[in-house]
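Asker: One structure follows; several queries about it will come next.
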Amino acid sequence: MQEESVSLPPKEEFSEWYNDILWRAEVMDVRYPVKGLYVWYPHGFAIRRAVYQILRSLLDRDHQETLFPLLIPATEFMKEAEHIKGFENEVFWVTKGGQNELEVPLALRPTSETAIYPMYALWIRSHADLPIRLYQVVNTFRYETKHTRPLIRLREITSFKEAHTVHRTWEEAEKQVNAAIDLYREFYRKLCVPVIVSKRPEWDKFPGADYTIAIDTVMPDGKTLQIGTVHHLGDHFSMTFGIMFEDEKGEQKYAQQTCYGISERCIAALIAIHGDDRGLVLPHEVAPVQVLIVPVIIGKRREEIMTYANGIRADVEAMGLRVRIDDREIRPGAKYYHWEMRGVPLRLEVGPRDLDGRKVMAVARDGKRSLLNREEIRERVVELLREFNERISESAEGRLRSCIKRISDLGEIGSALEKGVVIVGWCGNYSCAQELEKKTGASVLGSCLDAEMSGEGNCTCIVCGTAGAHALVGRAY
RNA sequence: GGGGUAGUAGGGUAGCCUGGUCCAUCCUAGAGCGUUUGGGACGCUUUGACGGCGGUUCGAAUCCGCCCUACCCCA
């Protein structure tokens, strides 16, 4: 009874678990009085900072960070027909300045193509200006009418990393698309979050794109979460916004573009994929506290133990790790629970026994214990953190694999979808996809791009029986 | 988008139909003091709520309206 009041609901009840862990682990406060807007607690924000630090460092290899305005004039926003159609029902508009009605209403960006591309038209003159690869991390606004959910479906996306690139040729832009996919794969590998890459069907691509590649993961309840998209924009936007350059022969040409984005859904995935009944489980790179030191103080040896613990702290700090001593006047067990909830990957316990034997007890977040010698702390801590990441990575990978089922019989698809996603043969036609979606309540996410998932050779459509390719079907968030 | 159920202190509940009381209650949490400290310590003192806004009324947790939030079901 006592434990019930302080612990999480079991993770099998994912919806409630997810809601609870967000405030118990101090990630988000959902009590802000506007629908779909949530507050980052400092601890959650520290996770966000570490996660986006990884993303930034990957992008900074060949992108530059920038910052465009939040407000987009209606005149620019309304230029690209397909783009408008895709977003017009979810745009927030600023229509007044003080008491006065604005002559041109201003949109709160739902995404920034129409803010950035008019400027690209001014900046780009020659082939020598290309390629351009810029990105920004900004908040965007979407008037969601469906159920909002912290980090997953928001009216203010607080952490939208969007990249916008410009190239000379369609092929060059396609290379960028592939580079972006690789970059996202690398990003999620660092978060130990396994992903599925697929090409979205024609009707589900980004409004105004040639095609869309999506990165999905599977949540513990078997539903898929889209945690990244990469779009080949072709020349749709460059024709609309007049982004032209003079090529080597002196001819004016429309530029080819791509854009790709990741939002704080990556943090939702991080939490959902790794967390357990005791709270957050975080890969060490993104944990706000990477190493926690708990002094176990008994009787009169307080000073001695604190000195020992401080020496260890200094050692770990010198390795560039985020370390913390919990010296509160509470029992050690309470500290363990407190920091396990918040996802500390490695805990070092130091008490009289350790002091006497010049040892330290190291306990990883997944329960693995190792008794270290005081002298080997520097090497061993790094090693333990790395091994911990490998273990959670592997276990997440295993769970993803176990909830992907290959199905060739239409009758089996329903039960398989309760546990995860299915791979079926699909001819590529809208009508068959529609029938499939109607029968199962799930959506056709797209055609598999991972060789190991699509398998060898061709197959036949599960609906109509004609020749097709492997497609991914799942219940999506 | 449509429907259902619910919201009472940090968490869990009673009360609501049939408006009124002096102390709601259990587990915690916060503040204070003391004893403690190798997996959620204990004792004592104390603080704390009726999801929000408006209406009806002498009086609202309770009745009415709108909104917000959560969970479930259907499109």
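Computed from the coordinates by the stated procedures, all read-outs in this text should not be read as laboratory data. Owing to the predicted nature of the structure, the values given are computational and were not obtained by experimental measurement. Please note: Cβ atoms are built from the backbone with ideal geometry, for glycine as well, and neighbour counts cover all protein chains shown.
Asker: For chain A, what is the Kirkwood hydrodynamic radius in Å, using each pair of distinct C-alpha atoms?
Answerer: Hydrodynamic radius (Kirkwood, Cα pairs) of chain A is 24.8 Å.
Asker: Suppose R0 equals 45 Å; then what is the FRET efficiency for A:GLU186 and A:GLN252 from their Cβ-Cβ distance, rounded to the nearest 0.05?
Answerer: The calculated FRET efficiency here is 0.75.
Asker: Let me ask something else about it. Output the relative contact order of region A:272-349, whole-number percent, from Cα pairs under 8 angstrom with separation of 6+ residues.
Answerer: 52
Asker: Also: So how do A:THR460, A:THR158 line up by other beta-carbon neighbours within 10 Å, fewest first?
Answerer: Lowest to highest Cβ neighbour count: A:THR460, A:THR158.
Asker: Taking the Cβ of A:THR165 as the center, what net charge do the other residues with Cβ under 13 Å away carry, scoring Lys and Arg +1 and Asp and Glu -1?
Answerer: Neighbour charge sum, excluding A:THR165 itself: -3.
Asker: Turning to a different aspect of this structure: Calculate how many DSSP beta bridges within region A:256-398 are antiparallel, expressed in % of all such bridges and rounded to the nearest 5.
Answerer: Expressed as a percentage, antiparallel bridges in region A:256-398 total about 55.
Asker: Using only Cα atoms, locate the centre of region A:402-466 and the centre of region A:250-270, then give the distance between them in Å, rounded to an integer.
Answerer: Going from one Cα centre to the other spans 28 Å.
Asker: Here's a follow-up. Among DSSP bridges having both ends in chain A, what percentage is antiparallel? Round to the nearest 5.
Answerer: Rounded to the nearest five, the antiparallel share is 80 percent.
Asker: While we're looking at this one, here's another question. Given only helices, namely DSSP H runs of n ≥ 4 each adding -39500 (n - 2.57), what is the per-residue ellipticity at 222 nm of chain A, to the nearest 500 deg cm²/dmol?
Answerer: Counting only the DSSP helices, I get -11000 deg cm²/dmol.
Asker: Something else now. Calculate the spin-label point distance for A:MET119 paired with A:SER15, positioning each point 7 Å from the Cα along the beta-carbon direction, and give it in nanometres.
Answerer: About 4.2 nm, to one decimal.
Asker: Is any residue of region A:150-164 close enough, with backbone N under 13 Å, to a label point placed 7 angstrom from the Cα of A:LYS35 along the Cα-Cβ axis, and if so, which?
Answerer: So the set is A:154-156.
Asker: Another one. Starting from the Cα of A:GLU171, step 7 Å along the direction of its Cβ; do the same at A:GLU437; then give the gap between the two resulting points in nm.
Answerer: 3.5
Asker: Which FRET efficiency value, to the nearest 0.05, is calculated for A:GLU452 and A:SER395 with the Förster distance at 22 angstrom and r the Cβ-Cβ distance?
Answerer: 0.75
Asker: Could you grab the relative contact order for chain A? Cα pairs under 8 Å, six or more apart, rounded to a whole percent.
Answerer: 13 percent.
Asker: Pairs of Cα atoms under 8 Å, at least six residues apart: use those to get the relative contact order of region A:14-274, whole percent.
Answerer: Across region A:14-274, relative contact order equals 19 percent.
Asker: List the lysines whose Cα lies under 22 Å from the Cα of A:LYS161, skipping any in the same chain that are fewer than 8 positions away.
Answerer: A:LYS175, A:LYS190, A:LYS199, A:LYS205
Asker: Further, regarding this structure: What FRET efficiency comes out for the pair A:GLU65/A:ARG301, r = Cβ-Cβ distance, R0 = 56 Å, nearest 0.05?
Answerer: For A:GLU65 and A:ARG301, the calculated efficiency is 0.65.
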